[in-house]
Amino acid sequence: MLKIILALAGNPNAGKTTLFNALTGARQHVGNYPGVTVERKEGDYHKDDFNAVVVDLPGTYSLTAYSEEEVVARDFLANEKPAVVINILDAANLERNLYLTCQLLELKVPLVVALNMMDVAKDRGMEIDIDKLSAFLGVPVLPIVARSSRGLDDLMAAVKAQAAGRLAPPDPAKVRISYGDDIDQTLLTMTGLIRDSGLLKGKYPARWIAVKIVENDEMLINEVKAADPELGARLLHEAELVAEHLMQTFDTYPEAVIADHRYGFIKGILKRGIITHRYDENRLYTSDRIDKVLTNRFAGPLLMLAVLFSIYQITFSLSALPVSWVAAVFGWLGGVLDAGLTDGPLKSMLISGVIDGVGGVLGFVPLIMLMFLCIAILEDSGYLARVAFMMDRIFRIFGLHGSSVMAFIVSGGIAGGCAVPGVMAARTLRSPKERMATLLTVPFMNCGAKLPIMALLIGAFFAEHQAMYMFGFTLFSWVVALVAAKILRLTVLRGAPTPFVMELPPYRFPTFKGLLIHTWERTWQYIKKAGTVILAISILLWAMMTYPGLSPEKKAAFVQEKEQISARYKTGSEERERLLKEVEGRRGAAALQHSIAGRIGVALEKVTWLSGFDWRTNIALLGGFAAKEVVVSTLGTAYSMGDVDPEAAASLGQRLARDAAWSPLVALSALLFMAFYAPCFVTVVCIAREAGSWKWAFFSIGYSTTFAFILSTGVYQVGRFLGF
Amino acid sequence: MLERISLRRMAKNQRGTITAVKVAGDLGRRIRDMGLVPGTEITVQGRAPLNDPVALRIRGNTLTLRNNEADFIEVEIEVDKAD
C-alpha cells in the first residue's frame, strides 16, 4: 500500500517534536536537507490500515524566507505536497501561533490543526471554544496534550479523513485575509496576471505568489523572475507602486501592513468568543517566579556558572569510566591480535590503524552521549534560552550569540574539555553566521588532549610556575578564541548580526522519552557519519608514519647490533636490557624519520626553524593531527625513547630539558603552536559535518595553523632578539 | 497623558502599547513574526544582568530582544501629569 506523507508544522516550543515522538515512537530517521544544516526528521506512523510517513518540519514562526528553517519548511510544502499538514499550536500562546496558521491557509495546504497543551491553557484559566475556532478557520481543530499522548487518536482520525479528501476545503472567501484597500487592489491585479499566465501553477496558489511579491520575499521573487522574466518585472512594478504609495501616505512598508492585517485577522477571530480568560492574562505563573531567581541580576549569573560547571563535570567525569571501558576493550583486542598474528604490515595496520581508529571513534561516544543528554535537558526545560539571554551581551561583542557559551565551555573553556562534543554543541545556535564563527573558534580552547603536552613542556621548562602557566594558557585560549571569532565576523563571516528576538518559553519538565530519543539519535549520527571518515583518516595517518620502512640494509644493521649485544651480555642482565632498549629506540627514531611523515617533518624544517622547531617537533606536531596527546608519544619515538606513556612522560621531559635544540623559549613557542594549530582530525570531520561542507573544515585547518605559526614565530623571534 | 518613546527607554514593569515598528528587512520581519505589531500591549519584564537584552511580557508570554533591536520599536506609554 502506498504510504502517504504527513508534515508537522508549528512554532518552536509548541510541542512539535513531542508530538512527532508520540506519533512515531522510535521509528525515526534523521538526516539533513540537501545543502543546508537543517535536520530532516522522518518517522513511520501505523494504526490499523493507516500507514504514513511523518516529516517533522523545522520549527518556524512564519513562512517568509527569513531563515534556513523557513526556506526548508516552505520548499517542502510546495515541492513534496504532503497529503496532510498537521499544524500544532500552543494553546496558551494562541495568537502568535495562529500567525503561521494564516500563512498555511494562504498556501492552501490540506490542514489539520492540533491544539496542544490544553492542560496548561486550562491551568492558566483559559477556555477555548474549539468548534468555533474550527468553523472560523475552515479546517478541523483537535485538542491534544502531546506530552501524555492525549487526543492523538481523534487527531489522527481527522488526519485520515483529510487525507482521504473527505473534508470540504475551507471557504476561500472566509479565510481570505484582507490587507487593506491599497494592497488588496494590487493583489487583485497581480493575481489576475498570474492566473492568466499560469505562473508556477501547481506549485503555489496565485494569490500567495502575489502576497509574497508585495512582502518583498527575495527567494520567491527570484523564482518568479527565473520562470517568467517579463511577467516578473510587471508584477514587481505593481508591488513597487503600492510600496511607494504606502510609504508616502502612511510612512510604512507593505510587509508591515501585511503583518498587521494578519494579526488583525487573528484578533478578529479570537475576539468572537473563542478565548475566555478567567484571570488576568499577564499574571505571573510558576515559570515566571522561577525566572525571578534564575535570571536575577546577581543570582542568575552565579547559578548559570554553577549549571555550566556541573554539565562540564557530568560530561567529563561520568564519561571517564565508560571511556576507560572502551579503551580497555580495544586494548584487549589489540593484545589478542598482537599475540595471534605474526609481525608484519597487516598486523601493524590492524593494531595501529584499524583498532586505534575504531577505538578512537567509539572512545568519544560516552562523552558525546552525556553532553547531548545535558544539552537536551537544558533545551527541553527552557533553560538554554535563559543562558543565551544572560550571556548575549558579552558574546555579542565578538560577533557571536549568547548560545555560543555552551560550545566554548564544553570545548575546554574550563581546561580539559573536548572540541568534538563542543563543535556538536554549536547545533543549538540558530543564527548561521554566529554558528559558523563558533564552530571555527571553539577548537582553540584548552581541550583535555592538549593537557599532557602542556604538562610535559611546562614541567620540563617552567616547573616553578606550573600552575600559573596552566591557568594562563586556559585564559589565553579564551582570549584567542573570542578575538578570532571577532576577526572572522569582520572578514569571511562578515554581515549584520542575525536578529536575536526570541522566546523565553515557560519552564517545563523534559520528558524521559524525548531525552532518550534526542540523545540517541544525535549520538548515532556521530557514529555513523563521522565514524567512517575518522577510520579512513586514522589508517591513512598510520600509513604515513610507517611507510616507507627502513631499507633492508639498515634493518639488518640494527638486527646485527642487537645480536652483538645479546651475545656479549648475560641473558636477563640489566645492562643487556638497557642497551637493547636503546638500540630499539634508535631504530624507531630512524624508521620514523624515514617515513613519509618523517620526510615531511624534515622538509618543513625550512620553514619551521623560524619558530624554533626541528624535524622531531615537526613530526610530533603532524602526529598531533590524529589526536593531540599523540604529540607526546611521537616526540618520544623521535627522541629514540621508544613508546612513551603520555601520562608519565617525566623522563622525556628531562631528555628535552637537556637537549641543545630545546630551551624555555623554544618550549614556549612550541606550546603556543600546539595550543592553536589545526584541530585534531576528529574535530575537523565534525566541523565538516556541522558546517555542511568540507570547505569550512579545510579553512579551519588552514587559518588556525597559519595563525599558530605567526604567533609562535613572533614569540620565538622576539625572544631571540631580547636574548632569551 | 500619553507619550511615545522608544522601547529601549522603558523601565522595568512599565506598560505600553506598540505604535510602530520602523524597520524593514530581516529584522523587521522577525520582530513582526514574533507578534510585536502596532496595537500590541507589552510590559517590560526585566533585563539581563548586563542590562541587555530586554525581556518583554506579551499576551501572557515572554519575548526577549536586544536593546539595539528595541530601538526600532515605538511605544505609547502613560505618564503622570505631576512629572
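Is region A:203-262 rounded, prolate or oblate when judged by the Cα gyration tensor, a ≥ b ≥ c being the square roots of its eigenvalues, rounded requiring a/c under 1.5 and prolate requiring a/b larger than b/c? Oblate is the answer for region A:203-262, as a/c is 1.5 or above yet b/c matches or exceeds a/b. Of interest is the spacing of the C-alpha centroids, which for region A:259-320 and region A:63-93 amounts to 24 Å. As a calculated quantity, the FRET efficiency between A:Lys486 and A:Ser693 at R0 = 22 Å, using C-beta atoms, amounts to about 0.45. The largest accessible area among A:Tyr639, A:Tyr547, A:Tyr703 belongs to the first residue in A:Tyr547, A:Tyr703, A:Tyr639, and the rest follow in falling order (1.4 Å probe, all chains). Shape class for region A:4-172: rounded, because the ratio a/c of the largest to smallest gyration tensor axis (alpha-carbon atoms, square roots of eigenvalues) is under 1.5.
Measuring between their Cα centroids, region A:538-609 and region A:195-229 lie 70 Å from each other.
A straight chain from A:Gln560 to A:Arg278 at 0.36 nm per residue would run longer than the Cα-Cα distance by 92.0 nm. Here is the tail figure for region A:552-594: Cα pairs spaced more than 15 Å apart come to 42 percent of all pairs.
Whole-Hz Karplus values for region A:63-73 come out as 10, 6, 9, 5, 9, 3, 4, 5, 4, 4, 4 Hz, taken residue by residue from phi with 6.51 cos²θ - 1.76 cosθ + 1.60 and θ = phi - 60°; glycine and proline positions read x. Each residue was assigned an accessible area with a 1.4 Å probe, and for A:Arg124 the value is about 30 Å². In the complete set of protein chains, residue-level accessible area for A:Lys3 is approximately 90 Å², probe 1.4 angstrom. Divide the volume of the convex hull around the Cα atoms of region A:381-514 by the residue count and you get 125 Å³ per residue.
Cα centroid separation, region A:450-498 to region A:655-697: 11 Å. Near A:Leu142, the amide H atoms lying under 5 Å from its own belong to A:Val113, A:Ala114, A:Leu115; only residues 5 or more places off or on other chains count, and H is placed 1.01 Å from N. Put simply, region A:248-287 fits an ellipsoid with semi-axes of 30, 15, 8 Å; these come from the alpha carbon gyration tensor as the roots of five times its eigenvalues, largest first.
Distances between placed amide hydrogens fall under 5 Å for A:Arg150 paired with A:Val145, all partners being 5 or more residues away or on another chain. Of A:His465, A:His261, the order by accessible heavy-atom surface (1.4 Å probe, DNA, RNA and ligands excluded), from most exposed downward, is A:His465, A:His261.
Each of A:Tyr33, A:Tyr253 has its accessible area taken with a 1.4 Å probe; listed largest first, they run A:Tyr253, A:Tyr33. Taking the square roots of five times each eigenvalue of the Cα gyration tensor of region A:207-320, the equivalent ellipsoid has semi-axes of 47, 27, 15 Å, listed largest first. Counting only protein heavy atoms and a 1.4 Å probe, the protein assembly as shown has 43 square angstrom of accessible area per residue. Helices in chain A, meaning DSSP H runs of at least 4 residues, each add -39500 (n - 2.57). Divided by all residues, the mean residue ellipticity at 222 nm is -19500 deg cm²/dmol. The Rg/Rh ratio for region A:302-365 is 1.26, where Rg is the radius of gyration of the alpha carbons and Rh is the Kirkwood radius.
For A:Arg40, the residues whose amide H sits under 5 Å from its own are A:Gly31, A:Asn32, A:Tyr33, ignoring neighbours fewer than 5 places away on the same chain, with H placed 1.01 Å from N.
Accessible surface of A:Tyr507, taken over heavy atoms with a 1.4 Å probe and every protein chain present, rounds to 40 Å².
With the biggest extent put first, the Cα atoms of chain A measure 104, 59, 55 Å across the principal axes. In plain terms, the chain from A:Asp44 to A:His245 could stretch by 67.3 nm, reckoned as 0.36 nm per residue minus the Cα-Cα distance. Remark: spin-label model distance B:Asp71-A:His465 equals 4.3 nm, labels positioned 7 Å along the Cα→Cβ axis. Phi angles across region A:40-49 convert, under the Karplus curve 6.51 cos²θ - 1.76 cosθ + 1.60 with θ = phi - 60°, into 3J(HN,Hα) values of 10, 10, 10, x, 9, 10, 10, 7, 6, 9 Hz, Gly and Pro given as x.
In loop segments of region A:137-167 as defined by DSSP, the trypsin sites (Lys or Arg not before Pro) with at most 11 further C-beta atoms inside 10 Å of their C-beta are A:Arg166.
Round to the nearest 0.05 the FRET efficiency obtained for B:Lys22 and A:Ile290 when R0 = 51 Å and r is the Cβ-Cβ distance. My answer for the efficiency is 0.90. Straight-line reach only, C-alpha to C-alpha below 21 angstrom: list the lysines that A:Lys628 could link to, leaving out same-chain residues fewer than 8 apart. List returned: A:Lys450. The Cα atoms of region A:36-107 give a gyration tensor whose axes a ≥ b ≥ c have a/c of 1.5 or more with a/b no greater than b/c, which makes the shape oblate. Residues in region A:561-568 carry Karplus couplings, in order, of 4, 5, 5, 4, 4, 4, 6, 6 Hz; the curve used is 6.51 cos²θ - 1.76 cosθ + 1.60 with θ = phi - 60°, and Gly or Pro positions show x.
Once the GluC sites (Glu not before Pro) in DSSP loops with at most 16 neighbouring Cβ atoms within 10 Å are cut out of chain A, the longest remaining piece is A:282-646. The alpha carbons of chain B give a radius of gyration and a Dmax of 12.1, 41 Å, in that order.
With a Förster radius of 22 Å, plug the Cβ-Cβ distance of A:Asp343 and A:Ile596 into 1/(1 + (r/R0)^6) and report the FRET value to the nearest 0.05. The value I calculate is 0.55.
The values are calculated or read from the model by the stated rules, or taken from the named source; none is laboratory data. Being a predicted model, the structure only gives us computed values, none of them experimental. Here Cβ is always computed from backbone atoms with ideal geometry, including for glycine, and neighbour counts include all displayed protein chains. Just the protein is used for accessible areas: all its heavy atoms, side chains included, with ligands, DNA and RNA removed. Shrake-Rupley method; radii C 1.70, N 1.55, O 1.52, S 1.80 Å.
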